[in-house]
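Contents: one structure, followed by commentary.
The values are calculated or read from the model by the stated rules, or taken from the named source; none is laboratory data. These numbers come from a predicted model, not from an experiment. Counting neighbours? That spans all protein chains shown, and the Cβs are built from the backbone with ideal geometry, glycine included.
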């Protein structure tokens with residue numbers, strides 16, 4: 001057999017084994033879990049949102065996907081995918097056709113039957129096909145290789161691709177793209193989520209919180225264990241920490257337990273437990289290539305050279321991982337290996353990089369008597385603000401005076417989508433650890449989430465080449481080539497990948513953080529040992 005054939009056989013065999021939930025040995029039923037929700041969602045429709053994690057966390061238990069990631073395996077890959085609405089999956093021989101036989105007897109929360117029509121409807125919307133339209137559609141370019149979606153009766157659906165794309169399966173497992181009901185208008189879904197999942201919506205009030213309760217008719221036998229989950233909106237980080245200390249909430253929202261929070265909780269709450277994971281969430285500096293002064297590539301390079309990334313990951317956000325754009329191996333499946341950055345501009349000796357940055361600034365006419373002044377926009381989130389403040393301090397050393405502008409979530413993402421900014425510091429968190437998601441969402445010329453307006457058609461050809469490559473080693477080599485090109489062209493200024501400590505009370509079981517923040521939010525296997 002060839003490597004290509006072997007890959008197809010392995011996937012086909014694995015997919016034929018429909019997932020069986022872990023046996024309920026010591027698990028207990030009942031109880032309401034109280035979770036932190038760091039902000040009010042812009043809407044309750046993950047497909048509509050650029051800042052979709054805030055939404056996806058709140059309604060993750062309401063929905064299902066055709067496939068999902070095993071909630072108890074923290075490093076995600078094709079090997080950790082499990083069937084959910086699908087019973088199994090199968091590829092054709094060249095990875096251009098992906099078919100899902102679907103579970104029967106699954107009901108939407110309003111009592112109507114789930115069918116293949118709902119799957120087709122959902123991903124036709126994401127592709128921009130049909131009369132229903134998403135407001136922003138940030139993931140449209142995930143699906144650009146899909147040529148058609150067909151159904152075979154009510155319980156089988158097939159995705160037809162223009163070229164091989166093994167990553168399609170992983171993208172369909174993302175928590176930010178659940179299956180929607182074809183019979184419910186998007187205007188309704190945005191205000192009140194309605195799915196097939198283990199929990200049903202009971203209460204939602206912006207600025208206060210959201211409550212979901214057990215779906216007694218859930219199609220996974222014996223799930224969920226919990227009677228429900230309360231998502232308590234607490235925007236202030238110190239207040240969130242105090243709420244975790246007092247027991248007002250029992251689990252922290254993923255991405256919120258950084259190392260300082262971990263140290264505080266570990267010292268003050270004896271029954272608090274943690275699981276540490278590196279994540280795809282990357283704090284980065286965005287420079288708008290389409291607006292002066294960052295239409296000048298030399299200035300963009302100077303800004304990248306100015307940042308001492310290792311200082312950030314040891315002093316500002318201890319434990320963060322220096323990297324490029326795809327999460328480093330071994331923390332993820334595809335990126336450059338840890339330490340493979342030391343010869344790249346911006347990752348070398350910081351004294352050398354900063355001197356090169358000042359030389360570029362002098363060449364552009366800037367110096368102590370002619371300092372560059374600009375505004376740095378960021379979201380009102382603690383690690384965004386910390387990253388922006390740190391970057392402002394670094395840039396002072398190359399004759400830049402920057403003013404910090406802090407925006408609320410509801411204002412920040414729409415402004416970024418319209419490119420109404422010059423410079424920003426934020427975190428981008430691809431919801432699947434696969435290069436297609438990183439590159440198609442963040443760096444295609446026309447992608448809504450290509451916030452920097454980076455555009456290189458030759459690089460886009462490499463995106464497609466790696467996407468259609470089935471051999472793992474060959475694909476990793478192509479990703480390494482792309483990573484170096486994006487760094488050299490300052491497509492974005494990557495600072496560091498986030499480490500999460502995922503705080504939970506000791507009696508909260510089955511709550512396991514992943515290396516993404518969006519794919520372990522179903523809560524159907526969480527239970528309370530009390």
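List of remarks:
- Residue match in the range 2-22 (condition: more than 21 Å from residue 98 (Cβ to Cβ) and either surrounded by 15 or more Cβ atoms within 10 Å (Cβ to Cβ) or at pLDDT 90 or above (or both)): no
- Residue 486 being over 22 Å from the mean Cα position of the chain (by Cα), touching a residue at least 12 places away in the same chain (Cβ under 8 Å) and under 22 Å from residue 280 (Cβ atoms): no
- Options 224, 260; residue that is in contact (Cβ under 8 Å) with a residue 24 or more places away in the chain and either surrounded by 18 or more Cβ atoms within 10 Å (Cβ to Cβ) or under 30 Å from residue 450 (Cβ atoms) (or both): 224
- Condition check for residue 260 on (1) at pLDDT below 95; (2) assigned to a loop (DSSP other than H, G, I, E, B): one failure, at (2).
- Tally of residues being out of contact with any strand residue (DSSP E or B) (no Cβ under 6 Å at 6 or more places or on another chain) and surrounded by 24 or more Cβ atoms within 10 Å (Cβ to Cβ) across the range 240-253: 1
- Failed item, numbered, when residue 405 is tested on (1) in a strand (DSSP E or B); (2) touching a helix residue (DSSP H, G or I) at 6+ places or on another chain (Cβ under 7 Å); (3) modelled with pLDDT of 90 or more: (2)
- Taken as a whole, the structure places residue 347 among residues that are touching a residue at least 12 places away in the same chain (Cβ under 8 Å) and under 21 Å from residue 279 (Cα atoms).
Condition check ((1) touching a strand residue (DSSP E or B) at 6+ places or on another chain (Cβ under 8 Å); (2) in a helix (DSSP H, G or I); (3) farther than 22 Å from residue 331 by Cβ) across all residues:
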position: 454; (1), (2), (3): no, no, yes
position: 459; (1), (2), (3): no, yes, yes
position: 462; (1), (2), (3): no, yes, yes
position: 466; (1), (2), (3): no, yes, no
position: 470; (1), (2), (3): no, no, yes
position: 474; (1), (2), (3): no, yes, no
position: 477; (1), (2), (3): no, yes, no
position: 484; (1), (2), (3): no, yes, no
position: 495; (1), (2), (3): yes, no, no
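- Some residue of the range 380-392 being loosely packed, with under 13 Cβ neighbours inside 10 Å and either assigned to a strand (DSSP E or B) or without any contact (Cβ under 8 Å) to a residue 40 or more places away in the chain (or both): no
- Residues that are within 16 Å of residue 282 (Cα to Cα), assigned by TED's automatic domain parsing to the domain that holds residue 377, under 20 Å from the mean Cα position of the chain (by Cα) and touching a residue at least 60 places away in the same chain (Cβ under 8 Å) do occur in the range 406-424.
- The set of residues in the range 66-77 being closer than 15 Å to residue 332 by Cα and either out of contact with any helix residue (DSSP H, G or I) (no Cβ under 6 Å at 6 or more places or on another chain) or part of a loop (DSSP other than H, G, I, E, B) (or both) consists of 73, 74, 75, 76, 77.
- Out of 184, 212, sole residue that is more than 27 Å from residue 527 (Cβ to Cβ), surrounded by 18 or more Cβ atoms within 10 Å (Cβ to Cβ) and more than 20 Å from the chain's Cα centre (by Cα): 184
- Boolean, residue 431 is surrounded by 21 or more Cβ atoms within 10 Å (Cβ to Cβ) and assigned to a strand (DSSP E or B): no
- Across the range 291-302, the qualifying residues are those that are out of contact with any helix residue (DSSP H, G or I) (no Cβ under 7 Å at 6 or more places or on another chain) and part of a helix (DSSP H, G or I), and the one among them that is farthest from residue 396 (Cα to Cα) is 297.
- Where residue 234 falls short, out of the listed (1) under 16 Å from residue 39 (Cβ atoms); (2) at pLDDT 95 or above; (3) out of contact with any strand residue (DSSP E or B) (no Cβ under 7 Å at 6 or more places or on another chain): (3)
- The range 127-175 - residue that is closer than 20 Å to residue 56 by Cα and either outside the structural domain of residue 197 (by TED's automatic domain parsing) or free of Cβ contacts under 8 Å to residues at least 60 places away in the same chain (or both) and, of those, farthest from the chain's Cα centre (by Cα): 133
- Entry remark, the range 357-371: residues being over 34 Å from the mean Cα position of the chain (by Cα), in contact (Cβ under 8 Å) with a residue 40 or more places away in the chain and assigned to a helix (DSSP H, G or I) number 4 in total.
- Here residue 255 passes the criteria (1) at positive phi; (2) outside any loop (DSSP other than H, G, I, E, B) except the one numbered (2).
- Meets criteria (closer than 26 Å to residue 26 by Cβ, within 24 Å of the chain's Cα centre (by Cα), in a loop (DSSP other than H, G, I, E, B) and in the same structural domain as residue 154 (by TED's automatic domain parsing)) for residue 197: yes
- Filter pass, residue 441 being at pLDDT 95 or above and either in the same structural domain as residue 314 (by TED's automatic domain parsing) or buried (at least 23 other Cβ atoms within 10 Å of the Cβ) (or both): no
- Pair list, Cβ < 8 Å and 6+ apart or interchain, from the range 44-59 residues that are in contact (Cβ under 8 Å) with a residue 12 or more places away in the chain and not assigned by TED's automatic domain parsing to the domain that holds residue 121 to residues that are outside any loop (DSSP other than H, G, I, E, B) and buried (at least 24 other Cβ atoms within 10 Å of the Cβ): none
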